[in-house]
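Each reported figure results from applying straightforward, stated rules to the coordinates on display, with no laboratory input. Values in this document were obtained by computation on a predicted structure and should not be read as measured data. Because the Cβ atoms are built from the backbone with ideal geometry, glycine has one as well, and the counts that use them run over all protein chains shown.
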Amino acid sequence: MIKYIHNLPQQKAWPVIKFILQSLFYFMILLALLYLFNYSGKGQGHFIYNEF
């Protein structure tokens with residue numbers, strides 16, 4: 001176990017690595033939301049208030 005701890009990046013680099021990983025994670029969520037938002041409108045016309 002100690003051998004693996006010594007192979008980790010220096011403790012000073014951890015905030016940078018965490019920032020990069022969080023940024024990538026949030027970017028992937030944003031892409032997924034944009035995809036789902038665009039996909040939901042395929043094949044449908046614009047909504048018109050027919051009931052009023």
Under Karplus coefficients 6.51, -1.76 and 1.60, residue-wise ³J(HN,Hα) of segment 26-34 in Hz, glycine/proline x: 5, 5, 5, 5, 4, 4, 5, 5, 5
Pairwise FRET efficiency - Ala13 versus Leu34, Cβ, R0 = 22 Å, nearest 0.05: 0.10
Relative exposure of Lys12, Lys18, judged by other C-beta atoms within 10 Å (fewest first): Lys12, Lys18
